[in-house]
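Presented below is the structure to which this report refers.
The values are calculated or read from the model by the stated rules, or taken from the named source; none is laboratory data. As the structure is a computational prediction, the values presented were derived from the model and not from experiment.
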Amino acid sequence: MNLKKIFTYLTVGLLLSSTNYILNENNMVYASSSELNAPTENSKIIYRAAETEWRFRTVNGKGQKRLWSITYNKWLTNWKWV
């Protein structure tokens, strides 16, 4: 037998055995049901408000303010004159 045939047989054999291993139902991973993560009567759900703060600056001697979201790290308003 030449080397090319041996290589071909080995490749086909490895592909078939790996396909059988992958498709075997015992090796499958399934997502958990939503019942495991569902809140119960004893669980407490805590709602938290978004944290914000006013930022100030001075432009040409006049004050401006803008609302900054600490929670989401973004501006919530445009600059407003004070």
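Some notes on this structure:
- The selection criterion, being charged (D, E, K, R), part of a strand (DSSP E or B) and either at pLDDT 95 or above or within 34 Å of the chain's Cα centre (by Cα) (or both), holds for GLU53.
- Checking each residue in the stretch 56-75 for being part of a strand (DSSP E or B) and either over 39 Å from the mean Cα position of the chain (by Cα) or among the polar types (S, T, N, Q) (or both) picks out THR58, VAL59, LYS62, GLY63, GLN64, SER69.
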